[in-house]
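Beneath this line is the structure, given in structure tokens, with notes to follow.
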Amino acid sequence: MSEHSPHPYEQLTPDVVLDAMASVGLWGDGRLLALSSYENRVYQAGLEAEPGGDSALGQKVVLKFYRPGRWSDAQILEEHQFADELLAAEVPMVAAFKLRGSAGTMSSLHHHGGFAFSVSPWRGGRRPELQELSVLEWIGRFLARIHTVGAARAFVQRPALDLQSFGHDCAKWLLAGDHLPLDVASRWQRAFAEAMQVAQGVWQEAGVVQQLRLHGDCHPGNILWTPEGSAGAGPHFVDLDDARMGPAVQDLWMLLSGDRAQQLHQLGALLDGYETLRELDRRELALIEVLRTLRLIHYSAWLAQRWRDPIFPINFPWFGSRDYWQGQVDILIEQTEAMQAPPLVA
């Protein structure tokens with residue numbers, strides 16, 4: 001796209017969303033609620049009551065319109081297959097419905113108006129209370145179940161989480177696009193090079209660890225919690241959009257917060273639950289700060305790559321400023337030190 005051409009999502013009007021629903025035999029009642037999502041466009045849609053609606057799907061569904069150009073159809077379908085495998089193993093995962101599309105075939109992935117989209121059940125819930133160790137233990141058990149299914153086979157189409165894809169490739173893209181102010185670029189490059197050198201050493205020292213299919217973006221916002229005493233009490237997981245191959249600890253570290261002592265308690269609770277079902281290779285704990293560093297680098301590249309999407313300048317107005325990049329230099333220096341510190345133990 002040229003600098004001044006409209007972003008594809010500007011064409012995703014309410015009429016297009018409703019027409020997409022109709023193309024898979026769903027008749028909306030006109031109620032559309034945009035749900036929080038920067039990467040894709042996600043809507044809660046009400047369905048018409050019988051006759052005409054599909055009561056088997058419930059009174060409302062969630063439509064997800066995938067960001068054009070991010071994943072291929074084959075990569076999206078691999079995500080859907082993983083979700084179906086998790087459901088078959090009775091892991092509480094929200095998976096896309098298989099519906100009959102305009103081509104007459106049943107599928108979980110459909111196309112309309114230049115967009116790939118899927119339809120999923122609506123699920124209620126709130127963010128989990130991670131300060132409660134019993135909640136972390138419960139989540140740990142379910143992560144172990146996800147990883148047991150994830151280890152059964154490998155992704156073929158989806159990429160891996162590694163130093164190249166989340167580190168070097170992101171830096172190359174940022175520098176080639178002149179996204180860093182000139183007076184900060186050289187300092188960022190030096191901090192990045194030192195951080196990646198340390199990260200490489202830590203990863204090599206950890207040795208060969210198992211690579212499996214991961215949730216990939218297991219932060220609290222992607223876990224919906226239903227209180228005890230309710231139907232389906234406990235956690236259920238949403239959004240496998242970032243699913244990829246990688247070490248199991250990737251799905252654990254984003255649930256840790258606070259100072260080192262707090263993180264140790266939280267990690268202990270997670271592993272108490274996790275290891276009732278599956279053992280975690282303790283060598284992976286040394287990768288936590290490496291993975292945190294890679295996520296920070298990837299986040300900057302993600303923001304830069306999405307900047308022409310109108311919602312990004314609105315929601316991230318500080319991105320690209322000199323202060324932002326100077327802050328990133330400081331963070332990389334801090335992470336270089338953190339990667340060299342003794343890892344968390346549990």
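A short reminder: the numbers here are calculations on the coordinates, not readings from a lab. Note that the structure is a prediction, hence the values are computed from the model and not measured. We place every Cβ from the backbone using ideal geometry, glycine too, and count neighbours over all the protein chains shown.
Positive contributions from Lys and Arg (+1) and negative ones from Asp and Glu (-1), summed over other residues with Cβ under 9 Å from the Cβ of TRP225, come out at +1.
Below 9 angstrom from the Cβ of VAL94, what's the summed charge of the other residues (Lys, Arg +1; Asp, Glu -1)?
On the way: positive: ARG123; negative: ASP239.
Value of the local net charge: 0.
Computed from Cα positions, the angle between helix 182-206 and the longest principal axis of the chain comes to roughly 90 degrees. Which aspartates and glutamates, on any chain, are close to LYS172 with Cα under 13 Å apart, when same-chain ones fewer than 8 places away are left out? Cross-link targets: none qualify.
Rounded to whole numbers, the Karplus 3J(HN,Hα) couplings from phi for the stretch 288-297 are 4, 6, 5, 5, 5, 4, 4, 5, 5, 5 Hz, using 6.51 cos²θ - 1.76 cosθ + 1.60 with θ = phi - 60°, and x at Gly and Pro. Pairs of Cα atoms nearer than 8 Å and 6+ residues apart set the relative contact order; for the chain it is 19 percent.
Under the rule of -39500 (n - 2.57) per DSSP H run of 4 or more residues, summed and divided by the residues of the chain, what mean residue ellipticity at 222 nm is obtained, to the nearest 500 deg cm²/dmol?
-13000 deg cm²/dmol
The Cβ shell under 11 Å around PRO342 holds other residues with a net charge of 0, Lys and Arg each +1, Asp and Glu each -1.
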